[in-house]
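Structure first, commentary second.
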Amino acid sequence: HCNIMAAELTSGQDHALTMASCQDELLAKTSKIKKSLRKIWAMEKSLRELGENEKYLAALLAQKIQLIDLKKLISKELRLLRRSKADSHKHGLPMVENASTTVNQGEDRSLFLMVTFTRGKYTDAIYEVKFKFGGEVDDMGARVARVAKFSGSTHLGARLFDRSQLYVFSEEGWDKPCVDSFGGYIFDTKTRALDRLTPSTVQFKQHGTVVSAYGTLYFLETKTEFVQGSGLFFAKYNPDKKDWVQMPSFPFSYKFTTEATGFAVGYGVILYTLSDLHGNFDVVAFHLGRKNWKRVEIGTCTPFQGRAVVVGETIYALNYFRTDEIIAYSLRRKVVDDGDIAYSLVQQFKLNGLDIADPPLQFDGLVTDYLVHLGNQDFVHVKTGTNEECDEVQHLCITTFQIVQGMIETLHSTVLHVKIDVRNWFMLTLGFTPECEDYEPEESKSAASMKQPKQEDDTTLDENSLRHEEEAKYEVALMHHEKANQKKPKDASGIIKNKRKRKSGWKEGLHVTKKKKVGLEVVENNL
């Protein structure tokens, strides 16, 4: 193995060359291991087909475990190598897929959450969760911070990172006619100022989805029974001119009310997942450069919800049908005969290992969650729900984690409480951290993915994941097997106890779970 710490470097240039050489060597070793694993899998399949006895299969299994363990050691050394290069990267942009990314540990971070209420005086609100990323957790100081609130109609939110602004647009009901302006507010994440938007001169129906993409806001109208024809309104917002510019209308037609349930931004396109009230799904893409709409082939893909996180060639998103479940996708692009681009969304695998702290009372309704990118391979998952026995407080489950080698490594999880009016529950609609911009890879940086794939590379995984699809399945199965043999005891409250990974306790009525020195707190601001 490369001994990075022992290398004596005479200059910054020598240091960079040494690290590059070590990285190339480690990647070459990993490539050889992957080839050996494929050969073993082929031999194992042949032996099973021939009905050979178990001793040969046991020997192959032992070889597989040794190779996988060796690859894990090499991957760990790669992470250490790449961690030393973290300071040279722009903060907030992802490094390679397997790099360790808990950089700038101990710094104060903010997590903004936009919610919509089910009833009451206020329709929507913005909450702020402050936490020390990598700090101590002995004094959590968990308090709720509501930094803005809205009344009247419901509101849509989308942020522009380079302007430190969250745009909050008022959303009219399905049965309301077109109006002359799209009202709303601009919330400054630095100053916490809330200013009114300049009224728009473009007339359109204010019910749909707002997406931020490449420094611009885009609005897609929801298909309802009140909208005649197939050309749904689609426009972009010019923050300098403070007005909307109409774009090519949405060309696809649906029989029932259809709205966007999730979206992803990357490779020069906005990817929308669409759903109607009858469980029908569709995925479409709008190419921002070509300004055209395309249907996306999805096969048996599970639809996702909320804003997906794009890291390299991998798209991480929440399962539409099940909370707490994160799925990895890839978007295949290829140039067809007429020079246009064809798209297909491929589901790679579901990620295991997300360990969420339990609220004092289990959620029994209106469960919503959101996935937020903290930069590189660091994420935070937010979950909330209702319980009829707890009608003046709603709980938030905040869980930070990393994605390493296609698996989730939970760093910390805790439960915070938010005071609400009696039974005035809320649902999560948006989440983001102002310290990390939305990573949106340009099309030119992923041109290789638009070429016709070779037959042997038909199953395309992230080139940085350093794992073959079968190896991923094997490791997941091995992990489940180990967990099954090491059942964790639960106390009377159903809280999982794990002496090695975390300590459980109650503090000020909150269940606190400690992991890896990652502290969370919420700062109170009574509005």
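Computed from the coordinates by the stated procedures, all read-outs in this text should not be read as laboratory data. Computed from a prediction, not measured in an experiment: that's the story for all the values here. Cβ atoms come from the backbone with ideal geometry, glycine included; neighbour counts cover every protein chain shown.
When each of the peptides 399-407, 254-262 is scored by how many other beta carbons lie within 10 Å of its residues on average, the order from highest to lowest is 399-407, 254-262. Output the pairs from Lys294/Lys383; Lys149/Lys383; Lys236/Lys294 with a Cα-Cα distance over 22 Å in this structure; if there are none, say none. Violating the 22 Å Cα-Cα cut-off are Lys294/Lys383.
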